[in-house]
Each structure stands twice: as C-alpha cells, then as structure tokens.
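What follows is a single structure, written as structure tokens, with notes after it.
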Ligand code: ADP
Ligand code: MG
C-alpha cells in the first residue's frame with residue numbers, strides 16, 4: 001500500500017464508506033492518517049452513582065430498571081434507570097428503539113456518558129453501553145475521537161487507521177540528529193502515536209513532531225512564493241490618486257488614522273519601482289474593505305484591472321454589492337465570479353475579464369481556475385487571506401504579469417510571528433477602530449437565561465434591529481447534544497409567536513436559518529434577505545463567521561459557546577457592533593464548569609482580538625491543545641499559532657539552514 005493510494009485499498013473501506021470519507025476530505029491513505037483525533041476518550045473506572053455531578057463524563061455500572069419508551073417531537077425516546085448500591089441514575093436515548101429488546105430489567109451493564117440535569121434529577125443522554133468484559137479492555141486507555149460525518153464513527157476511522165498503519169511505509173525527511181537535538185519523534189512513530197497514544201504525554205510528543213512538519217511545509221511553500229528582489233519589478237507604476245481622494249471625500253465616514261496610514265503605505269508601494277506585496281492586518285470591523293477598494297480604484301483609474309478573492313460566496317456577493325455601490329459612479333465595471341454560477345455565466349465573466357470589458361473581478365476560489373484570464377491585471381487583493389492555502393494565493397498572483405498583491409487578515413498575532421508567517425510581505429497594521437463605534441456589551445449566561453435573552457432579542461428587533469443566533473450543529477445528532485439550527489429555529493419561532501400573544505402586540509418576527517450543508521445559491525439568498533433587512537433573526541452555524549457585514553445587526557447570541565475556540569468566538573462577535581448602534585454579544589453556556597467560565601470571561605472582559613489571543617494563551621495548558629481548535633482559521637490541522645510559536649521559530653530556522 002502506498003500513501004497516495006485511495007482509501008479504498010484499505011481493508012474494510014467499501015464504496016459507501018469511501019463516499020462518507022470523501023465528505024471529510026479524505027481521499028488517500030495519507031489523508032486518512034492525517035485525519036488526526038480532535039480529542040481522546042479516557043476510559044476510567046466506573047464511579048458510584050451517588051457521587052456523580054453535572055458535566056462529568058462518567059461510567060457507571062448497575063442493574064437496569066423502569067424501562068419506558070414514548071414518542072416525542074420527531075424523536076422516539078427510550079428511558080431507564082441504572083442502579084448500584086449507592087443510588088439510581090436516569091438514562092435517556094433518542095431514536096434507538098432497538099434498545100428496548102436489550103435493556104431487560106435486572107440485567108447489568110456499564111453505561112458511559114456526560115451527566116446532565118434532567119429537571120430535578122441527573123441523567124445521562126445517549127449513553128454508550130458496554131458489557132463488563134468489553135469495558136475492561138478499554139479501561140485506562142485513550143481512544144481517539146475524530147471529527148465525523150453522519151454514518152461514520154470514530155471506531156470505524158480508528159480501525160481503518162490501524163489497517164493502513166500496518167501496510168504503509170512513512171519516510172522521514174528530518175535527519176535523526178536534528179530530531180534528537182530538538183526532541184522530535186520519528187514521523188512514522190508520531191503518526192501512529194497521535195492516533196493511539198498510551199497517555200496524554202505521548203500524544204503531546206507526537207503532536208509536537210507533526211506541528212513542526214506543518215510549520216516547515218508552510219514555510220517552505222512560502223519561500224517558493226517569495227519573489228526574488230531582481231524579479232520584483234513594478235510593471236504597474238500607479239501615481240495618480242485623485243479619484244481616491246474624491247472617493248474618500250464622499251464616504252459616509254472619515255477614515256481612521258490607521259486606515260489612512262495603511263492606504264499611504266499602499267500608495268508608496270504602488271508608485272515605487274518595486275512591486276507591492278503587502279499585508280493589511282486589522283481586527284474584525286476595523287474597516288479593511290475600504291482600504292482595498294481605494295487600492296482597486298487607483299489601479300482601475302490607471303487603466304488596469306484588479307481581482308478581489310474572498311473565501312466565501314456570501315462575502316463575495318457582499319463585496320460585489322459594496323464595490324458596485326461606491327465605485328459605479330467612477331466608471332468602474334465590477335463583475336462577480338463564484339462557483340455557483342452556471343457554466344454559461346462563468347464563460348461570460350471570463351470573456352469580459354479577457355476583453356477588459358470588466359475592470360474588477362470579485363469572487364471566490366473560482367478566480368484561480370484556469371478559465372479566467374485578464375487583459376491587464378495590476379492588482380490582486382486577497383481578503384481573509386489566512387483562509388487560503390499558500391498555493392491558492394500563489395495561483396492568484398500568477399494571473400497576469402506579476403500584479404501587486406494586497407492581502408488582508410484579521411488574525412491577531414504578535415509581530416515576531418507575523419514576520420515569519422507573512423515573511424514574503426510588508427505589513428500595515430490597522431490598530432484603530434472607527435470612532436463612532438460603541439464597545440460591544442458582553443454577557444456570559446447559562447441556558448436558564450435563554451427566555452430572557454430571546455425576549456431581549458425580540459425587543460431589539462421591535463426597535464428595528466436584527467440578530468444572529470449561532471448553534472454548533474446543523475441538525476439533531478446522535479453523537480452530540482449541542483443545539484442544532486433546525487430544531488432551534490422551530491423553538492425560537494414558537495417562542496416569538498407566544499411572546500406576541502402574551503404581549504398582545506401581535507408583532508411577527510421573521511426568522512430564517514442557514515447552515516453549511518445548503519447549496520451556495522440558497523445560502524446567498526438567505527444572507528441577502530438578512531442583509532436587506534427582510535429577515536429579523538438569523539439562526540446559523542458558524543458559516544456566517546467570515547467577514548459578513550450587516551450594520552443593523554445588534555445582537556449576537558452563541559449557543560454552546562463552550563464548544564468554540566476563543567478566536568472563533570471573537571470572529572463571531574465581530575459580526576455585530578459594525579455600525580453606530582450599541583451592540584450585544586450573549587455567550588450561552590450549554591454546561592457549567594470553572595474552566596468554561598474562565599475562558600468565556602476573557603471574551604467578556606476584552607473586545608480586542610489581540611488581548612483575547614494573549615489571555616487565551618496564558619490560560620491554556622498543554623492538555624488543551626486537543627479538543628477545541630483555537631486558531632482553526634489558519635490552514636493547519638494541529639498547529640496553534642499562539643501556543644506553538646516556539647516550534648514555528650524552530651521550523652523557520654531549520655528551513656533557513658536547508659535552503
Ligand atoms: P473588516 O476590517 O472586518 O473587513 P469592514 O471593512 O467590513 O471591516 O468594515 C466594517 C464596517 O465599518 C463597514 O460597514 C464599513 O463601511 C465601516 N467603516 C469602515 N471604515 C470606517 C470608518 N473610518 N468610520 C466608520 N465606519 C467605517
Ligand atoms: Mg473584512
């Protein structure tokens with residue numbers, strides 16, 4: 001078996017599982033081996049039932065009694081009790097009717113799961129069931145937990161990983177001496193260990209090696225991107241910025257000092273003899289788009305074309321609209337190019353770009369497809385650049401004859417790291433928020449506060465504003481009891497309908513939901529309705545996280561906020577407070593715990609992304625490196641730019657020595 005072979009060559013993987021694995025972006029054996037666990041299940045000794053407390057993951061052993069089954073809203077519920085000498089504990093399953101046959105009163109089993117409060121008593125929702133001998137085999141071990149899709153279990157993936165590990169050879173490109181000096185495992189050992197560690201220390205040691213490789217690959221790819229000085233000749237010298245001055249005068253706001261400075265940096269670059277390669281880094285809402293727009297306008301007025309690449313269609317549409325509105329009177333012809341367009345529409349866009357009948361093309365990854373050629377591309381803008389892989393960035397730069405490149409990112413990282421990560425670019429930092437902004441008011445609450453929160457949202461809507469509610473899941477799931485968009489929307493609709501009756505005002509609140517499994521065109525329409533104010537409350541998964549700008553939205557409520565990384569929560573919060581209105585962010589906790597409070601308090605007390613990142617790192621221990629992804633927005637599987645900063649430096653040094 002080769003690493004590049006299809007996963008189908010693995011014993012036990014058939015056509016059906018192949019399709020499911022592909023959903024997880026797993027095509028080859030190597031993809032599978034690098035589908036690292038997101039966490040481990042630690043199988044501990046069963047505990048006494050009387051000693052369990054809320055939020056704990058426990059195993060209990062005892063006899064089954066009081067088995068019942070009843071239909072509930074779209075679910076069939078099975079409940080029973082398990083008793084040991086110390087007490088009894090309720091167990092609840094959804095849609096697992098077959099259990100009735102197994103759960104015979106008096107039979108003894110082990111049950112394992114998270115303890116929740118079910119009205120006045122404790123219960124385990126969806127517990128896993130084991131025979132004593134079966135559990136004994138797992139006891140004391142760490143079992144990998146993977147990110148999954150419906151129809152695939154962690155056990156299936158771990159079995160496939162085991163199969164492939166026994167059949168492949170993994171080469172190591174690091175010399176043994178370097179590994180030894182720097183405490184880095186052999187690659188083959190690291191891969192094996194990250195899936196099946198004996199203990200957490202082993203898992204962390206394996207992770208260390210894999211993170212090093214991620215950084216090294218990244219840096220090597222960056223180096224390939226770096227333009228040699230003599231090649232970086234500016235073929236597009238732009239010196240006339242009068243249209244930009246005019247546009248600045250027409251904007252409904254005054255540029256902040258930081259925006260002005262960033263634009264000055266850009267002007268200096270583009271009018272010099274050297275090509276521009278600049279990163280504009282600024283917190284969410286600091287106003288990066290308008291900086292890009294000014295750069296684009298100057299390029300077009302000089303007779304050139306510009307491309308703007310963004311990570312999602314929703315964002316592409318939004319920028320397209322924004323550019324159209326502000327630039328149309330400057331005779332700038334802007335077109336859109338996104339994946340969901342028909343072949344004919346795309347062809348039309350290609351023709352316009354090539355014939356220079358369009359000046360600006362705004363789009364997603366569709367921009368880097370071969371079909372798109374420009375007549376005279378002078379500027380490539382990459383928004384939310386951390387969302388793109390190095391190769392995608394490279395592909396855009398290679399359109400045309402070495403255009404100027406302007407990247408934008410909201411990832412707050414210390415300057416020393418920026419120098420490595422953005423090694424091929426100059427940096428402008430937008431460290432100032434527009435003056436009109438009121439700081440967002442934050443609240444961290446538990447689910448008991450939900451009705452109050454929904455009433456608050458209702459009040460905001462009735463005074464003309466809009467709100468977002470984020471749920472971690474798309475639909476009801478057997479593996480997870482987090483809130484899901486579909487059921488939640490039903491509940492919220494009921495809630496608002498009842499509130500209207502109770503208040504006797506009959507005010508109808510329009511809700512819609514949005515998630516990543518919808519077709520792009522459908523997502524766009526929903527987002528557009530929200531942006532146009534036709535929808536009041538949008539219930540969504542984290543798909544709305546990137547860059548979306550609806551100034552009228554004043555409340556962001558995040559369900560199960562304990563499940564998200566702080567960086568991601570900060571990004572989500574950035575969807576509100578983008579205008580002059582007072583905005584609010586409600587972090588709803590799905591379970592309790594001191595750690596959860598400590599983490600969420602960081603967000604409550606800091607609205608600044610740099611501060612959030614800093615405090616977060618201070619709080620986290622090495623054990624936190626699995627589980628919630630902290631900087632999921634950077635294109636690494638394991639590496640955490642904050643916590644792994646020393647490894648980034650090490651990889652950078654190593655790369656310098658081998659090239
Ligand atoms: P981000 O930096 O997150 O990309 P945007 O560019 O989307 O932020 O800007 C957020 C909002 O702030 C937009 O509605 C934009 O029009 C507005 N904005 C940008 N600059 C200013 C400013 N100097 N004063 C007031 N509002 C501004
Ligand atoms: Mg933006």
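Quick look at the values:
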item	result
Test result for residue 527, in a helix (DSSP H, G or I), within 16 Å of ligand 1 (Cβ to nearest atom) and either in contact (Cβ under 8 Å) with a residue 12 or more places away in the chain or under 22 Å from the mean Cα position of the chain (by Cα) (or both)	yes
Residue list for the stretch 59-75, filter: surrounded by 15 or more Cβ atoms within 10 Å (Cβ to Cβ) and more than 11 Å from residue 107 (Cα to Cα)	59, 60, 67, 69
Residue that is touching a residue at least 60 places away in the same chain (Cβ under 8 Å), touching a helix residue (DSSP H, G or I) at 6+ places or on another chain (Cβ under 7 Å) and within 16 Å of ligand 2 (Cβ to nearest atom), where the choices are 256, 289	289
Condition met for residue 326 (within 16 Å of ligand 2 (Cβ to nearest atom), surrounded by fewer than 23 Cβ atoms within 10 Å (Cβ to Cβ) and either in contact (Cβ under 8 Å) with a residue 60 or more places away in the chain or in the same structural domain as residue 571 (by TED's automatic domain parsing) (or both))	yes
Residue identified as within 16 Å of ligand 2 (Cβ to nearest atom), out of contact with any strand residue (DSSP E or B) (no Cβ under 9 Å at 6 or more places or on another chain) and in contact (Cβ under 8 Å) with a residue 24 or more places away in the chain among 284, 296, 280	284
Whichever residue in the stretch 301-323 is within 16 Å of ligand 1 (Cβ to nearest atom) and part of a loop (DSSP other than H, G, I, E, B) and, among such residues, is surrounded by the fewest Cβ atoms within 10 Å (Cβ to Cβ)	311
Hits in the stretch 236-270 - residues which are away from ligand 1 (no atom under 15 Å from the Cβ), more than 14 Å from residue 406 (Cα to Cα) and not in a loop (DSSP other than H, G, I, E, B)	242, 243, 245, 246
Criterion: under 24 Å from residue 139 (Cα atoms), modelled with pLDDT under 95 and touching a strand residue (DSSP E or B) at 6+ places or on another chain (Cβ under 9 Å) - qualifying residue of 40, 81	40
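Okay, residues lined up against (1) within 27 Å of residue 412 (Cβ to Cβ); (2) surrounded by 21 or more Cβ atoms within 10 Å (Cβ to Cβ); (3) at pLDDT below 95; (4) away from ligand 1 (no atom under 16 Å from the Cβ):
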site	(1), (2), (3), (4)
355	no, no, no, yes
362	yes, yes, no, no
369	no, no, yes, yes
394	yes, no, yes, yes
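Residues are listed down the side, and each one gets a yes or a no for (1) in contact with a strand residue (DSSP E or B) (Cβ under 7 Å, 6 or more places away or on another chain); (2) in contact (Cβ under 8 Å) with a residue 12 or more places away in the chain; (3) within 15 Å of ligand 2 (Cβ to nearest atom):
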position: 549; (1), (2), (3): no, yes, yes
position: 552; (1), (2), (3): yes, yes, no
position: 559; (1), (2), (3): yes, yes, no
position: 569; (1), (2), (3): yes, yes, no
position: 581; (1), (2), (3): yes, yes, no
position: 585; (1), (2), (3): yes, yes, no
position: 590; (1), (2), (3): no, yes, no
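The values are calculated or read from the model by the stated rules, or taken from the named source; none is laboratory data. Just so it is clear, the structure is predicted and the values come from calculations on it, not from any experiment. Cβ coordinates were reconstructed from backbone atoms using ideal geometry, including for glycine residues, and neighbour counts include every protein chain displayed.
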